[in-house]
Amino acid sequence: MSCRVLTIDDNENDLLFTRIALERSGVAYEIRAFERAQDALTMLCTDEAHGTDLILLDINMPVMDGFAFLQAFEALPAAQRGDAVVVMLSSSSDPADHRRAALHASVRGFVRKPLDKDTAAGLVRLIGPR
């Protein structure tokens, strides 16, 4: 069974490196990448069959940052959120960012960039039974 992942990061190089790590992890990830958090949120709201299991979310992005996305995501009706869990994927080492992320019920982890294939392989354990 595959795991549907949304990667949200304003840096296309980071999106590429994350995709490579996920593809090399040995897990059957189906990946959808977004450079704008608002576009990912719109997709979640309009595609009832999105089936997203995991969202890898950057913090520092223009227009809508990761925390604004989390607030909007958690305000969505359960049907639009589905069973998706969030992992913050950020270059931030600021403990305040870690604490702030932990306040959100949908956040299951905080991973430093760049994502490596071993960490990518372990992400599937954060998702509940499907």
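We did not get these values from a lab; they are worked out from the coordinates using the rules stated. None of these values were measured; they are calculated from a predicted model. Using ideal geometry, Cβ is built from the backbone for each residue, glycine included, and neighbour counts are taken over all protein chains shown.
I'd like the FRET efficiency for ARG125 and SER2, computed as 1/(1 + (r/R0)^6) with the beta carbon distance as r and R0 of 22 Å, rounded to 0.05.
Computed FRET efficiency for ARG125 and SER2: 0.90.
Which of LEU16, LEU103, LEU41 ends up with the largest GNM mean-square fluctuation for the chain, with Cα atoms connected below 10 Å?
LEU103
Which of the chymotrypsin sites (Phe, Trp or Tyr not before Pro) found in the stretch 1-95 are in a DSSP loop and have at most 13 neighbouring Cβ atoms, other than their own, within 10 Å?
Answer in residue order: no site qualifies.
7 Å from Cα along Cα→Cβ at both ILE20 and ALA49: what's the point-to-point distance in nm?
3.4 nm
Please work out whether the chain counts as rounded, prolate or oblate from its C-alpha gyration tensor, where a ≥ b ≥ c are the square roots of the eigenvalues and a/c under 1.5 means rounded, while otherwise a/b larger than b/c means prolate and anything else oblate?
Taking the square roots of the gyration eigenvalues as a ≥ b ≥ c, the chain is rounded.
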